[in-house]
1. Taking the residues in segment 426-451 that are hydroxyl-bearing (Ser, Thr, Tyr) and part of a strand (DSSP E or B) as candidates, determine which candidate is nearest to Pro356 (Cα to Cα).
2. Every residue in segment 464-496 that is crowded, with 17+ Cβ neighbours inside 10 Å and over 22 Å from Asp355 (Cβ atoms), please.
3. Can we say Cys400 is surrounded by 13 or more Cβ atoms within 10 Å (Cβ to Cβ), more than 30 Å from Val299 (Cα to Cα) and either in contact with a helix residue (DSSP H, G or I) (Cβ under 8 Å, 6 or more places away or on another chain) or modelled with pLDDT of 95 or more (or both)?
4. Give just the number: which of (1) part of a loop (DSSP other than H, G, I, E, B); (2) under 30 Å from Leu335 (Cβ atoms) does Leu390 not satisfy?
5. So how many residues does segment 308-366 have that are in a loop (DSSP other than H, G, I, E, B) and more than 30 Å from Leu482 (Cα to Cα)?
Amino acid sequence: MAQRRGSEEASDDELPGLSDSGEDEEPSGAVQTRCLFCDRLFSSAEDIFSHCKAEHEFNISSIVHKHALDFYGYIKLINFIRSLQCTAQYLNSVCSPVPWEKEEYLKPVWSDDILLQFDVDELNDSMAVSDPGWSSGDASIVERLRHAENRAQAAEANLAMALEDLHKMRQFAQDFVLNADVRTTVAPASVIVGLSEEEDGTYFGSYGHYVIHEEMLKDRVRTESYRDFMYQNPHLFKDKVVLDVGCGTGILSMFAAKAGARRVIGVDQSEIIYQAMDIVRMNQLDSVISLVKGRIEEVDLPVDKADIIISEWMGYFLLFESMLDSVIYAKQRYLAEGGSVYPDTCTISLVAVSDPKTHSEKLAFWDNVYGFNMSSMKKAVLPEAVVEVLNPDTLASQPCVVKHIDCLTAAVADLDFSSDFSLLITRNSVCTAIAGYFDVLFERNCSSRVLFSTGPQCTKTHWKQTVFLLENPISVVAGDVLKGKIAVRKNRKDPRSLIISLTVKNTLQTYSLQ
């Protein structure tokens, strides 16, 4: 197909209203438009379509019917043909999805194109009348479909108007509550909503789904550890201002309020915060807890400083999702001098795994798939870290800590790291993978220290463990020390995902966690 040519670039002999052919000339003042496939000019859409059918074997009615084109689909089709100068043979061979769906084809290629002024509904009518293959029943079906489409379009318009009204009501409520908080000196506002609606891709959108929060709340190891830390250390929270980064349903904010905090500010960018507002009110904690919708990096908080920052920011392999970056920002921006961040200490550990059966299932499977060799798939399978719950019986070494994070002092630059490791082998076996997990501690200034682990020998959590399959398993003997090196960094293309490199026995493998 030829390169697109715009009307502003066409030469005189290419313009719709000009022709060297005397037989195509119309009386002065008549608007003429060129055929879709040749240089002949016509003054009506019907003449063009008749010509295209007779000379180019292109039946516009058949195309409209075949692809169930509405008014906009027809407009896109005409502009698509004009733009790309495609042949009738090509258009007759097109199947769904059609190549003219893009919105750019709504823009006229020729400003005076009479085909763009044609009522596409007339095509169906004319087909019903003139096509011997159509019956009156077919025409009736077309008419019903047309009415159904009109009703659907009307319903869509009504829905759009309702959504616009809802948006205006929400904006009014946000402005009213925000202004009430700014002006009152009697008591804190119960709810403060950030005005920024910008979202970080699908990340924040995913946390608007209730099932994710249900899974986290049902993770008793996670949720009860935060609860126990706050309830067992009320001296840390009494009369303090607490900032909850990524508050979700508000569970940590409510724990902090019950532990004695004077004021709690919860911040979250996802839509779940609207549910959290209802939850806070239902539990009669709205005099203490204020909720702000938005990114912590962008919102304006109703307090200058917080005494304590709490957050459940941990992702798979601890650092997946990069939410610790936001906690670090909050610490640098809002934490009062002498304040604390909880949890305050986290570690990442590695352990050797011996599970030949799983290794075979995940890799050897591709050697013979229903009689076909698909071994090339191994190159795609190996680089993907696997998040799963390990059987403790598959562990083949003692764990080794490869990263220690002090949340009070950590900087974003510290979160990309590399570390040597040494794994003391505990049994004669074949090492098929290296697995990672993390531990979380609440201990700074605590009278009752709380910790939990996501390791394979502990009660399982929704974080599970992160498994890095080795391409070539390694035979090991009890008492051996399996040495290696790990490097972890954010994926530049997707900073919330991780790139992990493992060097074991002088063999380097790189994995993605996304």
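The values are calculated or read from the model by the stated rules, or taken from the named source; none is laboratory data. Keep in mind that what you see is a predicted model, and the values were worked out from it rather than measured. Every residue, glycine as well, gets a Cβ built from its backbone with ideal geometry; the counts of neighbours run over all protein chains shown.
1. Thr432
2. Here is the first cut: in segment 464-496, the ones crowded, with 17+ Cβ neighbours inside 10 Å are 464-470, 473-474, 476, 480, 482, 484, 486, 488, 490, 496.
If the condition is that a residue be crowded, with 17+ Cβ neighbours inside 10 Å and over 22 Å from Asp355 (Cβ atoms), then Val488, Lys490, Arg496 are the ones that fit.
3. Values: surrounded by 13 or more Cβ atoms within 10 Å (Cβ to Cβ): yes; more than 30 Å from Val299 (Cα to Cα): yes; either in contact with a helix residue (DSSP H, G or I) (Cβ under 8 Å, 6 or more places away or on another chain) or modelled with pLDDT of 95 or more (or both): yes.
For Cys400, the condition - surrounded by 13 or more Cβ atoms within 10 Å (Cβ to Cβ), more than 30 Å from Val299 (Cα to Cα) and either in contact with a helix residue (DSSP H, G or I) (Cβ under 8 Å, 6 or more places away or on another chain) or modelled with pLDDT of 95 or more (or both) - is met.
4. Leu390 satisfies all of (1) part of a loop (DSSP other than H, G, I, E, B); (2) under 30 Å from Leu335 (Cβ atoms) except (2).
5. Of the residues in segment 308-366, 6 are in a loop (DSSP other than H, G, I, E, B) and more than 30 Å from Leu482 (Cα to Cα).
To keep it simple, each residue is scored yes or no on (1) aliphatic (A, V, I, L, M); (2) at pLDDT 90 or above; (3) under 26 Å from the mean Cα position of the chain (by Cα).
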| position | (1), (2), (3) |
| --- | --- |
| Ala261 | yes, yes, no |
| Ser270 | no, no, yes |
| Met277 | yes, yes, yes |
| Val292 | yes, yes, yes |
| Leu301 | yes, yes, no |
| Gln332 | no, yes, no |
| Asp344 | no, yes, no |
